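*Asks:* Would you mind keeping the following structure in view while I ask a few things?
The values are calculated or read from the model by the stated rules, or taken from the named source; none is laboratory data. Just so we're clear, the structure is a prediction, and the values are computed from it rather than from any experiment. Cβ placement follows ideal geometry from the backbone for every residue including glycine, while neighbour counts extend to all protein chains displayed. Side chains included, ligands, DNA and RNA excluded: accessible areas come from the protein's heavy atoms. Shrake-Rupley method; radii C 1.70, N 1.55, O 1.52, S 1.80 Å.
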Amino acid sequence: MAYVSREGMINPPMNPATDPGSSTTRAARRQLLLLGVGAVGAFVVLLLVLGWLGRHTGGGNVAGDAIDVAGAAISLAYQFEPPQLDSTRATDVYSSYVLGHVMEGLLRADEHGAIIPGVADRWDIRPDGATFHLRDDAVWSDGKPVTAHDFVFAWRKVVDPANASEYAFIMYPLKNAEAINTGKLPLEALGARADSDQVLEIEFERPIAFFDKLTAFKTFYPVREDFYVSRNGRYGADVADLLYNGPFKLTQWIHGASFRFEKNHDYWDKDTIRLERIDHPYITADTTAILNLYKDGQVAMAGQSIGLESDQLDEALVQRWQINRFNEGSVWYIDFNHRDERVSRNFNLRKAMQLAIDTGELVNQVIKLPGYIPGSSLFPAWVKGKQDLFRQEYPPLVIKQNLAEARRHLELAKQELGITEWPPLSFLITDNPLNGRIAEYLQGEYKENLGLDIRIDRQIFRQRLAKMTSGEFDLVLAGWSPDFDDPLTYGDLYASWNLNNRGRYANPEVDRAVRQAMDSLDPQVRMDAFGTIQRVLIEDAAQVALYERGQVFVSDKRLKGVVRRVVGTDPDFTYAYVSEE
């Protein structure tokens, strides 16, 4: 779930006055929004295009303690507290970042994105199943071996209805997983068994074209049963409530304030790990504060989570810091609540909102950051099709701003809902400066163009996830980054059974196409199914595509080997090191 070509970093596989309705006020409001984001200017964009940025080196104040070359240690700021470190229940990128450093699955991704051995040192994948042979030197952080039984227990926990894992659907390729998850079969019926401590045998419900890629994903990590039970419902809640089998261990965690990774010297591939410690002494959503920490030499990177703001990029240029670009592969959109009690379930309201905004203006005049592009589909531009990029083979329906048509759909919605005046619509967002600016822009556009009253509900990241899950929103500014390198990682998001479909959208045609993509090994059949999903979601205005996100960030020139990924743990410090050279 994840997310520039530059020195020491790896390319991703991409290869995002009183009358508010008066025209005078609208013009003033727009100018304030457009001018208030900082003057990056055409010069900066040109430099980025020409590749000038990223070749300039320099960092924060070297008198700070962000880099300890002798101790092989770095310090970083992190934006949000990881909400869930139980791998059987984790759903978000911030938890995935932590889990990706302290845990390891059967297989893993190397620095180039290739799937390589992890806990398993050899494997065989067949149309009807797979066999994984576990290495005998993979151990937990208490010294006990990692066994096939640990994978069987974890995977059963994922599909256990009582566990309410939002990622249970990702196990559905395993025999009986869906039937177990829907309460029709017992846990013991899952098509995963330990033939011995070192041999894991898997049966498939149907042939699957990308199972090796799935096994590197966090939901497929092992969990040891005796330790899990001993935590009495607190597994993953604190440092002492986790066992680690990955390259690092979580050794300190002051909730809401800081956490620390230290090298796991019991890790089977410990000689590959060159950092001894990764400190995260600051957890803050304040991007300006993070940049100031970088400027003072207190952290080794800034902007690596969501990118620099435009005015921060100006500062980086002035300071001549090492500036890096990264297209992270995520798509961002307005998601609607389709539950029966919400007016946002109405097609004509959604269609009106889809037609009432100009995503080009949003990206180019409000966000104004390199790497962002206007959204047009749930499937981002980098996703591969059968022979070319998916959107080259299946161009999405083009949606252009059309206010007359938008207002026509809004009147139809009023008639269908039997209302004469629209109630306020709640717009749920994560509380950070860029999201706030985007939400305020959309709030103004919907007020001016449709007369809708949008109430922005700003929440910290963890609380936004909780409110999305419980359905406490009409609209939400949501994003999705890939879990594995296949179009299905986007294509199944709006399947009716997928609990990450937090607006509870349900469409039989989408469900049938998702099943086709899941069940077939024929590339043409699968791509046709994804084309159907893309078409239906746009025609039905299931979401309003806004942008695909890029990042501009700064890093200390002494920090090298950091891997940025579209798919998998991002950023990944497994191969990172520090050097004065």
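*Asks:* For R325, only one of the following conditions fails: (1) within 25 Å of the chain's Cα centre (by Cα); (2) of a type in the set (K, R); (3) more than 21 Å from R564 (Cα to Cα). What is its number?
*Replies:* For R325, the failing item is (3).
*Asks:* Looking only at residues in segment 253-269 that are among the hydrophobic types (A, V, I, L, M, F, W, C) and closer than 18 Å to L243 by Cα, which one is surrounded by the most Cβ atoms within 10 Å (Cβ to Cβ)?
*Replies:* Out of the qualifying residues, it is F261.
*Asks:* Next question, about the same structure. Given segment 183-289, what strands (runs of 3 or more DSSP E) lie entirely inside it while holding 3 or more residues that are farther than 30 Å from D311 by Cβ?
*Replies:* Hits in segment 183-289: 192-194, 199-203, 248-254, 258-263.
*Asks:* Name every residue in segment 172-214 that is among the aliphatic types (A, V, I, L, M), open to solvent by less than 60 Å² (accessible area, probe 1.4 Å) and closer than 13 Å to R156 by Cα, in order of residue number.
*Replies:* L174, A177, A179, I180, L187, A189, L190, A192, A194, I202, listed by residue number.
*Asks:* So which residues in segment 414-442 are under 16 Å from I334 (Cβ atoms) and assigned to a helix (DSSP H, G or I), if there are any at all?
*Replies:* Residues satisfying the conditions are L434, N435, G436, R437, I438, A439, E440, Y441, L442.
*Asks:* Continuing with this model, one more query. Out of everything in segment 290-304 that is aliphatic (A, V, I, L, M) and not in a strand (DSSP E or B), what residue ends up being surrounded by the fewest Cβ atoms within 10 Å (Cβ to Cβ)?
*Replies:* Among residues in segment 290-304 that are aliphatic (A, V, I, L, M) and not in a strand (DSSP E or B), the one surrounded by the fewest Cβ atoms within 10 Å (Cβ to Cβ) is L293.
*Asks:* Then there's this: Of the residues that make up segment 345-361, is at least one in a loop (DSSP other than H, G, I, E, B), touching a helix residue (DSSP H, G or I) at 6+ places or on another chain (Cβ under 8 Å), more than 24 Å from S310 (Cα to Cα) and of a type outside the set (V, I, T)?
*Replies:* yes
*Asks:* Further question: So which of F217, F169, F151, F227 is surrounded by fewer than 21 Cβ atoms within 10 Å (Cβ to Cβ) and at negative phi?
*Replies:* After applying the criteria, what remains is F227.
*Asks:* What are the residue pairs meeting all of these: first residue in segment 137-153, first residue part of a strand (DSSP E or B), second residue crowded, with 21+ Cβ neighbours inside 10 Å, Cβ atoms under 9 Å, and 6 or more apart or on different chains?
*Replies:* If the second residue must be crowded, with 21+ Cβ neighbours inside 10 Å, the pairs left are V139/V146; V139/N245; V139/Y267; P145/L134; P145/A138.
*Asks:* Could you say which residue among D570, D540, D522 is acidic (D, E) and open to solvent by less than 30 Å² (accessible area, probe 1.4 Å)?
*Replies:* Step by step, each of D570, D540, D522 is checked, and only D570 is acidic (D, E) and open to solvent by less than 30 Å² (accessible area, probe 1.4 Å).
*Asks:* Tally up the residues in segment 565-581 that are part of a loop (DSSP other than H, G, I, E, B) and over 13 Å from the mean Cα position of the chain (by Cα), please.
*Replies:* 7
*Asks:* How many residues, within segment 165-182, are over 18 Å from E201 (Cβ atoms), part of a helix (DSSP H, G or I) and either touching a helix residue (DSSP H, G or I) at 6+ places or on another chain (Cβ under 6 Å) or modelled with pLDDT of 95 or more (or both)?
*Replies:* 5
Residues are listed down the side, and each one gets a yes or a no for (1) under 27 Å from E328 (Cα atoms); (2) at pLDDT 95 or above; (3) open to solvent by less than 10 Å² (accessible area, probe 1.4 Å):
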site: V102; (1), (2), (3): yes, yes, yes
site: L106; (1), (2), (3): yes, yes, yes
site: A109; (1), (2), (3): yes, no, no
site: P117; (1), (2), (3): yes, yes, no
site: W123; (1), (2), (3): no, yes, no
site: P127; (1), (2), (3): no, no, no
site: F132; (1), (2), (3): no, yes, yes
